[in-house]
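Asker: Sharing a structure below in structure tokens format, with a few things to ask.
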Amino acid sequence: MGTIVAESLLIQTLRGRRGSRPPIWFMRQAGRYLPEYREIRAKHSMLEIIKTPKLAAEVSLQPLRRFDLDAAIIFADILNPLIGMGLEVDFVAGQGPRIFNPLRSAADVAGLKIPQVIENSGYTLEAIELVVSELDRKGVPLIGFCGAPFTLSCYMIEGCGSRGSRGSQGSQDFSTARTFWKNLPEAWRSLQLKLVELCVDYLAAQAGAGAAALQIFDSWLGLLNQDEYVRLVEPYLKKMISLLKQRTNVPLVFYSTGTSDLLGCLSELGVDGLGVDGSLPLSEAARRLALPLPLQGNLDQMLLAGEWEPLECEVFKVLEEGQGLLSHIFNVGRGILPHTPPDNVARVVEIVRAWNSGAAGCS
Ligand code: CP3
């Protein structure tokens, strides 16, 4: 990491230092709400963009050309790294991601390969190098990421998102995945260990290619109660994080949703920051931590897609809530929605950049 990137607001904030304002970036900041993304997407499939370093780099940079953001995130998905394990992954219009040969037995898990990271994800590493070569001199950090073993397992077993999610063909409330971990505990364990190995190699390689921070997405973790979390997930997350920390010292954020009751446990994972959704005010999320940590979040993505007045009010609320934290990274609670007006994003970025702790809020 170059020195100016190391001194950037995002990296300093993840080291627990507060600046005069929080850094700002958005989950899914590259995506369908941007006309310039839709233009590229009209000519290329999602997987083509991800697998073509020039296109993935271009799409990663699009939001930074428009908005004064404090970080870029590399364009990829949490699911494409599963292709090299032997899964047939695609992104189907109107349905979201699909896996056409989902895991249903211990033998299916035994048959999963752990591919070399260069062979499996070389295109993303190249895209990272391209983005970093453009951003490094401006001192803007690039965030690398992967899915967490639990959330990846849910997709691998279901073959898609739960039926609760838009347009998805999956079982109700992930019942296929639940049945799997209840009835096949050894296969579950073996699957978690394979994914830990894949994810550690992948994240370490992204840091090696120039990512200045890393984020683990565990979007479905809220399916579990605390007891299940401790049994089915925690040992593997701890292993993953400690192995990764032996290989890189770039700061690491753990993001999950629906996990208000797990925040105490999550704060003890050994990560440098926690991403939180909109289910609690930031001050209450912080109160639930067992160890104080920087928090990232948690503007309501639906408000971001809506009318300006309620949105503006909420932006100030999130900024004020953030002041009580060890440190704060401004973000949405969940990814930007496709119908979000880019102008809303521009105005939110302006407010956050102009904010200093003494400034007035909305009336
Ligand atoms: O800008 C960024 O945040 C970087 C790129 C990124 C994408 N997906 C691109 C994407 C990141 C970090 C992700 C993470 C991801 N992918 C998660 C974790 C975060 C979350 O939202 O909970 C999950 C669960 C997925 C799986 C996934 N990929 C779903 C459920 C969908 C369909 C929903 C949708 O928005 O269409 C995708 C597709 C996807 N991933 C798109 C993008 C830009 C839309 C693809 C398109 O252009 O058609």
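Asker: Once you keep just the Cα pairs under 8 angstrom separated by 6 or more residues, what percentage relative contact order results for the chain?
Answerer: On the way: 678 pairs, mean separation 75.7, N = 363.
21 percent.
Asker: What do you get when you divide the Cα radius of gyration of the range 59-183 by 2.2 N^0.38 Å, with N the number of residues? List each step's numbers first, then the result.
Answerer: Details: Rg = 17.1 Å, N = 125, 2.2 N^0.38 = 13.8 Å.
Normalised by 2.2 N^0.38 Å, the Cα Rg of the range 59-183 equals 1.24.
Asker: Above 23 Å lies some portion of the pair distances; for the range 1-103, what is it as a whole percent of all C-alpha pairs?
Answerer: Working: 2140 of 5253 pairs.
Above the 23 Å cut-off, the range 1-103 has 41 percent of its Cα pairs.
Asker: Given Cβ point charges of +1 (Lys, Arg) and -1 (Asp, Glu) and nothing else, what value in debye, to the nearest 20, does the dipole of the range 296-354 about its Cα centre take?
Answerer: Values: 4 positive and 9 negative charges, 49 e Å.
Around 240 debye, computed over the range 296-354.
Asker: On to the next question. Report, to the nearest 10°, how far helix 308-322 tilts away from the longest principal axis of the Cα atoms in the chain, using its own Cα long axis and a range of 0 to 90°.
Answerer: 80
Asker: Here is a further query. I'd like to compare 265-275, 326-336: which one has the highest average count of other Cβ atoms within 10 Å, and what's the full order after that? Could you put the intermediate results ahead of the total?
Answerer: Numbers: 265-275: 20.5, 326-336: 23.2.
The packing order, highest mean first, is 326-336, 265-275.
Asker: I've got another one for you. Considering the options Q116, L311, S279, tell which one lies farthest towards the positive end of the dipole of the chain, charges being +1 on Lys and Arg and -1 on Asp and Glu at the Cβ, about the Cα centre.
Answerer: Of the options given, the answer is Q116.
Asker: Here's another thing I want to ask about it. Per DSSP H run of at least 4 residues, take -39500 (n - 2.57); add these up for the chain, divide by its residues and hand me the 222 nm value, nearest 500 deg cm²/dmol. Could the numbers behind the result be given before it?
Answerer: Values: 17 runs with 170 residues, N = 363.
The per-residue figure over the chain is -13500 deg cm²/dmol.
Asker: Using packing as a proxy for protection, rank 302-315, 50-63, 135-148 so that the peptide with the highest average count of other Cβ atoms within 10 Å comes first.
Answerer: Values: 302-315: 16.4, 50-63: 20.4, 135-148: 21.9.
So the peptides 302-315, 50-63, 135-148, ranked by packing, come out 135-148, 50-63, 302-315.
Asker: On the accessible surface of the range 219-302, probed at 1.4 Å, how many percent belong to carbon and sulfur atoms?
Answerer: Values: 1660 of 3340 Å².
That fraction is 50 percent.
Asker: I'd like to check one number: the per residue accessible area of the chain, probe 1.4 Å, reported in Å² as a whole number.
Answerer: Details: 14740 Å² over 363 residues.
Value returned for the chain: 41 Å² of accessible area per residue.
Asker: What does the charge count near L184 come to, summing +1 for each Lys or Arg and -1 for each Asp or Glu among other residues with Cβ under 13 Å from its Cβ?
Answerer: +2
Asker: Straight distance only, please: which lysines reach the Cα of K54 with their own Cα at less than 18 Å, same-chain residues fewer than 8 apart left out?
Answerer: K43
Asker: When the chain is fully extended, how far beyond the present Cα-Cα distance does L337 get from N183, taking 0.36 nm per residue of separation? Show your work: numbers first, answer last.
Answerer: Working: separation 154, 0.36 × 154 = 55.44 nm, distance 3.63 nm.
Full-extension gain reported as 51.8 nm.
Asker: Would you work out which of T259, Q246, V196 lies farthest towards the positive end of the dipole of the range 188-261? Charges go on Cβ: Lys and Arg +1, Asp and Glu -1.
Answerer: Q246
Asker: Given charges of +1 on the Cβ of Lys and Arg and -1 on the Cβ of Asp and Glu, with all other atoms neutral, how large is the dipole of the chain about its Cα centre, in debye to the nearest 20? Please list the in-between numbers first.
Answerer: Numbers: 35 positive and 39 negative charges, 76 e Å.
Result for the chain is approximately 360 debye, rounded to the nearest 20.
Asker: With the contact rule set at Cα under 8 Å and sequence spacing of 6 or more, what percent relative contact order holds for the range 35-118?
Answerer: Computed over the range 35-118, the figure is 20 percent.
Asker: How large is ³J(HN,Hα) for each residue in the range 33-38, as worked out from phi by the Karplus curve 6.51 cos²θ - 1.76 cosθ + 1.60 (θ = phi - 60°), to whole Hz, x for Gly and Pro?
Answerer: So the Karplus estimates, Gly and Pro as x, are 6, 9, x, 5, 6, 4 Hz.
Asker: About its Cα centre, what dipole magnitude does the range 205-292 give when the only charges are +1 on Lys and Arg Cβ and -1 on Asp and Glu Cβ, stated in debye to the nearest 20? Mind dumping the intermediate values first?
Answerer: Numbers: 7 positive and 9 negative charges, 71 e Å.
The dipole of the range 205-292 has a size of about 340 debye.
Asker: At a 1.4 Å probe radius, carbon and sulfur cover how many percent of the accessible area of the range 39-190?
Answerer: Numbers: 3200 of 6480 Å².
Ligands and nucleic acids excluded, carbon and sulfur give 49 percent.
Asker: Could you work out the relative contact order of the range 69-164, using alpha carbon pairs under 8 angstrom and six or more residues apart, expressed as a whole percent?
Answerer: Details: 99 pairs, mean separation 41.7, N = 96.
Relative contact order of the range 69-164: 43 percent.
Asker: Please sort 115-121, 18-24 by packing, taking for each peptide the average over its residues of neighbouring beta carbons within 10 angstrom, highest first.
Answerer: Numbers: 115-121: 16.9, 18-24: 19.7.
Top to bottom by mean Cβ count within 10 Å: 18-24, 115-121.
Asker: Go through K113/K239; K138/K317; K51/K239; K51/K113 and tell me which ones have a Cα-Cα distance over 22 Å in this structure. Walk me through the intermediate numbers first.
Answerer: Numbers: K113/K239 20 Å; K138/K317 30 Å; K51/K239 29 Å; K51/K113 20 Å.
Over 22 Å Cα-Cα: K138/K317; K51/K239.
Asker: Please state the equivalent ellipsoid semi-axes for the chain: what are the square roots of 5 times the Cα gyration tensor eigenvalues, largest first, in whole Å? Intermediate values should be presented prior to the final figure.
Answerer: Details: eigenvalues 184, 106, 86 Å².
Ellipsoid half-lengths, sorted descending, are 30, 23, 21 Å.
Asker: Relative to the first principal axis of the alpha-carbon coordinates of the chain, what is the inclination of helix 185-209, with its axis defined by its Cα atoms, in degrees from 0 to 90 and to the nearest 10?
Answerer: The angle comes out near 40 degrees.
Asker: Assuming 1.567 mPa s and 4 °C, estimate D for the range 44-121 with Stokes-Einstein, Rh taken as the Kirkwood radius over Cα pairs, in µm²/s.
Answerer: Values: Rh = 14.4 Å.
Roughly 90 µm²/s, to the nearest whole number.
Asker: Could you state the angle between the C-alpha long axis of helix 117-135 and the longest principal axis of the C-alpha atoms of the chain, as a value from 0 to 90 degrees rounded to the nearest 10?
Answerer: Long axis of 117-135 versus the principal axis of the chain: about 10 degrees.
The values are calculated or read from the model by the stated rules, or taken from the named source; none is laboratory data. Small disclaimer: the values here were computed from a predicted structure and weren't measured. Please note: Cβ atoms are built from the backbone with ideal geometry, for glycine as well, and neighbour counts cover all protein chains shown. Heavy atoms of the whole protein, side chains included, go into the accessibility calculation; ligands, DNA and RNA do not. Shrake-Rupley method; radii C 1.70, N 1.55, O 1.52, S 1.80 Å.
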